[in-house]
Amino acid sequence: MRHTITLAIFFFVLLSIAAHAEGRLEFRVSRAAQPPKIDGNLDDDVWNDDPLVLGDWLSYNPLYGTKMLQRTEVHVAYDDRNLYFAFHCFDNEPDKIRTTISRRDNIFNDDWVGLSLDSNGTGQTSYHLMVNPSGIQMDALNTSASGERWEADVVWDSAGKITDDGYTVEIKLPLQSIRFQDGHNVRMGILFWRRISRSGISSAWPDIPPGQWVFNRHAHLRFDDLKQPQLLEVLPSVTYSVNQLRASPGSWNKPNSKPDVGLSVKYGLTSSITLDATINPDFSQVESDAFQVQVNQRFPTFFSEKRPFFMEGMGLFNLAGSGGDGNMVTAVHTRRIINPSWGSKLTGTSGKFTFGILDASDASPLDRTDHKLFNIGRVMYGLGESNYLGAIVTDTEEDGRHNRVAGGDLSFRFKKRQQISATFLSSQTGGGSVATAGGTAEQLSYNFSDRKYAVATQVEHYGKGFEMDTAFYNRTGFTSGWAYGEVNFYPKNTNKSWLKRVNVFNWDKYGRDQLQDGNERFFLAGLRLNFTRQGFFRIDQGWGEEPWLGRKFKNDRMRLQGSVQLYRWLSLNGFFSNGWSTFYDRTNPFQGRSRSSNIGFTLQPNQHVNQSVSYNRVRFDRASDGQRVYTVHIVNFRSTYQFNRHFLVRAIEQFDSSKRRLLTDLLASYEFVPGTVFHAGYGSLFEKPGTAEYFTTSRGLFFKASYLYRF
C-alpha cells in the first residue's frame, strides 16, 4: 500500500509540472472616484459604466449546461479600502422571488446571487460570498483540501432590494478581510453564481462542468496599484454566567456565578500572512448541539465546531480524501480542545506555499494534573487549479504522554474531470504510563464525472496501533475499499419540465476488520430524482454483512429520503429506513431489526419568522424472538423571530427519550458584524429519574458581549 501511494504521488507530481492552465478571460477593474452607498440602489456614479461583458450563465446544480433564461448584470470597482460588486438580477416574475430576513448563512433556499473570489490567485483558497434580495449574507471559505466550509464568517457589507424587474444587490468587501499579494498589478480569480429558488437550479459564469470546481473555472480580475491595508484587530469579550444545580427534588444548591474576560488579537504580519492569538477566550457555546440518536452506535457521534477562533481558516488543516465515505472525517477536529486557556494561529501564503500553525493549551475540567498542549503544523504546495502536495505534523502532550503524527497528502485533477487523492500518516504514542505504540494510515481515491456518468473509488488502511489525538475518525485496525458509479438522465426540455434529473447509482464496499476478526461487505443500488421547487427523492436497497466480535451480522436495509420547497413559506423533508442491524454489545451482541424514520418541516410565513421542527424515531427488535430492545424519540424544535438583519430572538426545545431529558434554550442576540455581538440567554434541563416525573435538574443565565475593533 505504501509503495503504491508513493509511486502515485511521484507520477502525478510529474504530470502537474507539465500541466498548464488554459487561457482565462481577464477584466481590468476601474478605480472608484467616490465609494458607492451600500443600500441596494444602483444609482451611484460608480455603476454608470457598462456592466462586465459576460457570456451565457449555465446551470451546474442539480444539472449542468442549461442556459439561465433570466439575465444578470455585474459591475466591479475598487478603491484603497474596499472591493465593490453590484448585481442586477432580472426576473420576469418578480412576485415569485423568495427572500427572507434571517440569520447569517441561512438563505440557501432563497433566491441569491454572489461570487467566488480567489484573492491570492493561487487556485487553493477562495472566498464565497452570497446575498439574497433582502441583503442577508451567506459566506464560506473554500479550500482545495476541504471544499466549502461555512463556519468561517468574513467581515463585509451587503444590501439588497426587490425591484419591478427582479432585484439588485451591492457588496462592499474590505481589503482587510481578505489575504492577497499586493502590488502594482494584482490578479484575482473570480466566478459569479446565482440561484433561482422556485426552479431549484443554480447557475454560474464561467460555467462549472461536472467534475470541476471554481478553481478550474475562475476568470481574472486585474487591479492596478492595489495595496493591503495594515491589519490589526482587537476583540475583547466579557461573559457572565449564573448556573444552578438541583440538590434534591425539593431544593436547589446555591447559584454558581462566573464572570470572565478574554482577549483576541489578529495582526497582519505581511499582506498575506496573519497571526491570531487569544488569551482566556470566550468559548461559551451560544448555539446548542442538536440532539442526535446515540443509542447503540458503533462509531462515535460527530458534532461540528462552532467556536469562532477555531472556525476561521480551518479548511487549511484538512487532508485530501477525508470526509465523504472515508473513515476519517477530519484530521483536525478542534472540539478535542475542550477548554482552551490560550491559543495562537499563524496562517498565510508565500508564493505557491500555503501554511498554518495552530497551538493551544487545553485546561479541560477533566481530572488532569497538567494542561493538554496541542501543536499542529500544515503546509501545502500549490500545483495550480486546486492541485496540491501537502504535509501535516501534529503533537499533543499531556501528563508525560505524547501523541505525534506526521504525513503527507496529494490532490491532483487531470484531464479536468478526473481527480486522484492520496494520504499517508504515521503515528507514535507513548510516554508516562502509556506503552509506546505506533501505526500508519493510508488512503488512495479516484473520481471521474461528467454530465452523463460518474465513477469513484477509494481504498484505505488504518493500522491497529494508529492514533491521532487531533483527528475525528471512526475506527482503526481495518483495510477496505469501495467503488461507486452513476448514470444520469435528463428530460428533453429541462427549462419547462418539472423533472430535472434522474440518477441511477450503485455503491459496493468490501473490507477486512482485524479488530472484529471478520470480513465486511455491502452492495447498494438506488435511484435519485431532482424536481423543481428544490425537490429531491431517493430510494435505495442495500445488502451486506459486518463482523462484530468474530461473528457475522446482516445489515441489509431499504431507505427512502426526500425533501421539497412545497411553497415559498413551507419546506418538507423526510427519511425512512428498515432492515437488519446489529446490537453492539461488548459481551453479548445479537442480530436485530431496526426501523428509523425522520420527518421535519420549516415554516416561514413571512420574512421574519422561521419555525423548524424535526422528529426522529428509532426502533430496534431482537431478531430471534421479536422482543423490543429499545425505542428512541428525538425531537428538535426551533423558533426564530428575526427583527432585522442584526437582531433576533430564538427558542429551542430538544427532547431525547433515551436519556430522559428535555432541554430548553432561550436566546436574544444582536450581531452588528462578526465579532461585535451581544447575547443574553436562559437554559434549563429537565430530566426524569426512574419512575418520577420530569423536573428541572439544572438552569442557568448567561450574558456575552464582544466588540471587534479594526485599527
(request) First measure r as the distance between the Cβ atoms of residue 452 and residue 198, then evaluate 1/(1 + (r/R0)^6) with R0 = 22 Å and state the FRET efficiency to the nearest 0.05. (result) 0.25
(request) As a check on your grasp of the helix formula, calculate [θ] at 222 nm for the chain: sum -39500 (n - 2.57) over DSSP H runs of n ≥ 4, divide by the residue count, round to the nearest 500. (result) -1000 deg cm²/dmol
(message) Could you tell me the relative contact order of the stretch 49-150? Use alpha-carbon pairs under 8 Å, at least six residues apart, and round to a whole percent.
(response) 16
(request) Among 252, 193, rank each residue by its count of other Cβ atoms within 10 Å, from fewest to most, as a rough exposure measure. (result) 252, 193
(message) Could you list 346, 383 so that the one with the fewest beta carbons within 10 Å of its beta carbon is first and the one with the most is last?
(response) 346, 383
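Going by how many other Cβ atoms sit within 10 Å of their own, how do 599, 171, 376 line up, fewest first?
Least to most surrounded, the residues fall as 599, 376, 171.
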(message) Just want to confirm a number: the relative contact order over the chain, from Cα pairs under 8 angstrom separated by 6+ residues, in percent.
(response) 10
(request) Any lysines with Cα under 29 Å of the residue 416 Cα? List them, leaving off those in the same chain fewer than 8 positions away. (result) 67, 352, 452, 492, 500, 509
(message) Under a Cβ-only charge scheme (Lys and Arg +1, Asp and Glu -1), can you give me the dipole magnitude of the stretch 32-226 about the Cα centre, in debye to the nearest 20?
(response) 700
(message) List the aspartates and glutamates whose Cα sits under 17 Å from the Cα of residue 372, skipping any in the same chain fewer than 8 residues away.
(response) 359, 362, 395, 397, 398, 399, 467, 469
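Ranked from highest to lowest mean number of other Cβ atoms within 10 Å per residue, what is the order of the peptides 425-437, 476-488?
Per-residue mean Cβ counts within 10 Å order the peptides as 476-488, 425-437.
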(message) Could you tell me the relative contact order of the stretch 32-226? Use alpha-carbon pairs under 8 Å, at least six residues apart, and round to a whole percent.
(response) 26
(message) So, R0 is 51 Å and r is the distance between the beta-carbons of residue 584 and residue 493; what FRET efficiency does that work out to, to 0.05?
(response) 0.50
(request) Treating cross-link reach as a plain straight distance, find the lysines whose alpha-carbon is under 17 Å from the alpha-carbon of residue 161, omitting any fewer than eight places away in the same chain. (result) 37, 96, 172
(request) Can you check how the C-alpha radius of gyration of the chain compares to 2.2 N^0.38 Å, as a plain ratio? (result) 0.98
(request) Work out from phi, with θ = phi - 60° and the Karplus expression 6.51 cos²θ - 1.76 cosθ + 1.60, the ³J(HN,Hα) of each residue of the stretch 622-635, listed in order in whole Hz, and give x for Gly and Pro. (result) 5, 5, 5, 10, x, 5, 6, 8, 7, 9, 10, 10, 10, 10
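Read-outs throughout are calculated quantities, based only on the coordinates presented, and are distinct from any laboratory measurement. As the structure is a computational prediction, the values presented were derived from the model and not from experiment. Every residue, glycine as well, gets a Cβ built from its backbone with ideal geometry; the counts of neighbours run over all protein chains shown.
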